[in-house]
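A.B. asks: Below is a structure I'd like to ask you about.
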Amino acid sequence: MKRALIVWGGWEGHEPEPIARWFGSLLEDMGMEVRLENSLEVLRHRDLLFEQSLIVPVWTMGTIHPDEIASLDEAVQRGVGLGGCHGGMCDAFRDCPDYQFMTGGQWVAHPGNDGVTYDVRIIRPDHPVTAGVPDFTVTSEHYYLHVDPSNTVLAVTPMPVAGGPHVTNGSFDMPVVWVRLHGQGRVFYISLGHTLATLLNPEPSAICRNGLAWAARIEPL
């Protein structure tokens, strides 16, 4: 049986426990054995990490110990999948470039804050993560991220929608969903997920399910 480790905590504003438990239910529905932990201490147990098919961080901000990022990075490079959403994955451990290099991006702003209505356009409908998912509209935070150019971007959103100093740079597309490889490990990310309610919409829900399955190498979906 495939195993998944979900590590949740950090800033409470991103509903880490409800989102972690929702991710857990998705993975259990796929037949995975799920373990939830609310301490980063578990990341120091290298043998435990190497036994997983997937690790899901749900931990906004905070600080990660060098031993914890070292074992997490090694596990993913050796083939353990990594997947998550919003600030729980890509606004974690702001002072740790090794973590940001692994995930493929880092949050830097959300112009307009919460309550911005914007479109999400699927640009890779051929990929297993986004197959069958139509373009959609969502009202939530509109994430502006620094993004690794080696990511495979699957969905984008037009910017700017809300005002701010970035408006002077003209219109551009910001990645919303991407996948990448980190060593032998598959990495999946979706920038939606400020609240669980956002993820429960049909399209984000389908992308999360598909993305976690892809990262865990559960195929066919």
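Rule-based calculations on the coordinates, nothing more; no lab input. Quantities reported herein were computed from a predicted structural model and do not represent experimental measurements. Virtual Cβ from ideal backbone geometry, glycine too; neighbours counted across all protein chains shown.
A.B. asks: With a 10 Å Cβ neighbour count serving as the proxy for reagent exposure, in which order, fewest first, do 136, 50, 172, 93 appear?
C.D. replies: 172, 50, 136, 93
A.B. asks: Taking the chain as a Gaussian network, Cα atoms linked when under 10 Å apart, which of 167, 120, 129 shows the biggest mean-square fluctuation?
C.D. replies: Maximum among the listed residues: 167.
A.B. asks: Taking H placed 1.01 Å from N in the peptide plane, check which residues at least 5 places from residue 93 or on another chain put their amide H under 5 Å from its amide H.
C.D. replies: When sequence neighbours closer than 5 places are left aside, the close amide H contacts are 61, 62.
A.B. asks: Here's something else I'd like to know. By how many nm would the segment from residue 51 to residue 196 lengthen if fully extended, with 0.36 nm per residue of separation less the alpha-carbon distance?
C.D. replies: 49.4 nm is the gain from fully extending residue 51 to residue 196.
A.B. asks: Would you mind ranking 143, 118 by Cβ crowding within 10 Å, fewest neighbours first?
C.D. replies: By the 10 Å Cβ count, ascending, the order reads 118, 143.
A.B. asks: Output the relative contact order of the chain, whole-number percent, from Cα pairs under 8 angstrom with separation of 6+ residues.
C.D. replies: 21
A.B. asks: In nm, what is the difference between 0.36 nm times the number of residues separating residue 44 and residue 109 and their Cα-Cα distance?
C.D. replies: This chain segment gains 20.3 nm when fully extended.
A.B. asks: Where is the GNM fluctuation largest for the chain (alpha-carbon springs, 10 angstrom cutoff): 184, 106, 52?
C.D. replies: 184
A.B. asks: Cβ neighbours within 10 Å, averaged per peptide: list 76-85, 144-153 in order, most packed at the top.
C.D. replies: For the peptides 76-85, 144-153, the packing ranking is 76-85, 144-153.
A.B. asks: If you don't mind, there's one more thing I want to ask. Rounded if a/c is under 1.5, else prolate if a/b is larger than b/c, else oblate: which is the range 92-199, with a ≥ b ≥ c the root eigenvalues of its Cα gyration tensor?
C.D. replies: oblate
A.B. asks: Continuing with the same structure: Under 14 Å from a point 7 Å along the Cα-to-Cβ line of residue 123: which residues of the range 90-106 have their amide N that close?
C.D. replies: none
A.B. asks: Of the residues 14, 110, 166, which exhibits the maximal mean-square fluctuation in a Gaussian network model of the chain defined by a 10 Å Cα contact cut-off?
C.D. replies: Fluctuation is largest for 166.
A.B. asks: Tell me, in nm to one decimal, what length is gained between residue 17 and residue 37 on full extension, where the rule is 0.36 nm per residue of separation less the Cα-Cα distance?
C.D. replies: Length difference between fully extended and current span is 6.2 nm.
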